[in-house]
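Below is one structure, written out as structure tokens, with a few remarks after it.
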Amino acid sequence: MATVANSQYWENRYQEGKTGWDLGQAAPPFVGLLDSPTAPTTGKIAVLGAGSGYDALLFAQRGFEVIGFDFAPSAIASASKLAQSRGIAAQFLQRNIFDLSAEFPHYFDYVLEHTCFCAIEMRDRSSYVKLVKSLLKPQGELIALFWAHNLPGGPPFGTTTAEICQYFESDFETNNLVLAKNSVPQRQAQEYLGRFIAKN
């Protein structure tokens with residue numbers, strides 16, 4: 001049986017066209033962040049659950065060295081094709097993100113999160129936080145757009161800002177966690193843009 005913890009579940013979603021998380025564009029709050037005076041400086045960035053690659057390619061266009069990771073072969077194929085069609089340098093690899101610690105230990109300046117946390121079952125969220133920290137260089141930064149909804153079932157699984165802070169507080173300093181002002185209409189008042197600095 002395919003579950004959210006294996007690649008076949010997500011590949012089936014792509015094959016069936018059940019990809020409601022795919023906005024068909026980069027998330028507007030990320031565009032706003034990169035256009036702001038507090039935009040992060042360029043560096044190596046891992047995009048977890050990269051999907052069709054829109055967020056990854058946004059950061060690549062802005063000068064970041066991007067590697068996107070996803071469970072589903074169809075996602076990797078779509079993202080790679082999109083990068084090629086746009087002439088943007090970005091790498092996309094099919095991986096179980098929980099296996100990345102051994103392959104990329106403390107390799108990245110940034111990790112980008114958008115609808116990955118909410119796709120993970122609650123029992124695995126603490127492990128996800130440890131994974132993110134393991135990928136970051138000392139004082140590296142998680143840039144996250146959390147979908148904090150209260151819909152039943154999942155994925156996407158619901159959360160609150162209080163829960164997010166509780167999960168991350170032991171390994172990260174919360175630099176910022178604010179309601180996104182320019183979310184797509186279907187996620188208005190449900191998305192929070194966060195920046196978290198890895199503790200030493």
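Listing for the model above:
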{"quantity": "Fewest-first sequence of L151, L100, L131 by Cβ atoms within 10 Å of each Cβ", "calculated": "L151, L131, L100"}
{"quantity": "Rounded to the nearest 20 debye, dipole of segment 7-198 from Cβ charges on Lys, Arg, Asp, Glu", "calculated": "260"}
{"quantity": "Relative contact order %, segment 7-198, counting alpha carbon pairs below 8 Å whose residues are six or more apart", "calculated": "19"}
{"quantity": "Percent of beta bridges antiparallel (DSSP, the chain, rounded to nearest 5)", "calculated": "40"}
{"quantity": "Estimated distance in nm for a label pair at T174 and Q190, the labels positioned 7 Å out from Cα along Cα-to-Cβ", "calculated": "2.1"}
{"quantity": "Residue-count net charge about A148 - beta-carbon cut-off 9 Å; Lys, Arg +1, Asp, Glu -1", "calculated": "-2"}
{"quantity": "Virtual spin-label span in nm between D99 and N12, 7 Å along Cα→Cβ", "calculated": "2.0"}
{"quantity": "Segment E121-A89, length gained on full extension (0.36 nm per residue, minus Cα span)", "calculated": "8.3 nm"}
{"quantity": "Descending semi-axes in Å of the chain, equivalent ellipsoid built from Cα gyration tensor", "calculated": "21, 20, 18"}
{"quantity": "Stretch gain in nm, segment Q25-H106, where the contour uses 0.36 nm per residue and the Cα spacing is subtracted", "calculated": "26.3 nm"}
{"quantity": "In segment 7-198, lysine pairs closer than 21 Å at Cα, eight or more apart or cross-chain", "calculated": "4"}
{"quantity": "Kirkwood-type radius of segment 69-180, with distances r between different C-alpha atoms, in Å", "calculated": "15.3"}
{"quantity": "Ordering of 167-176, 138-147, 82-91 by packing [mean C-beta count within 10 Å, highest first]", "calculated": "138-147, 167-176, 82-91"}
{"quantity": "Mean residue ellipticity (222 nm) of the chain, computed from DSSP H runs ≥ 4 via -39,500 (n - 2.57), nearest 500", "calculated": "-8500 deg cm²/dmol"}
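Every read-out reported here was derived from the displayed coordinates using simple, explicitly stated rules and does not represent laboratory data. Quick caveat, the model's predicted, so the values are computed rather than measured. Note: ideal-geometry Cβ built from the backbone for every residue, glycine included; neighbour counts use all protein chains shown.
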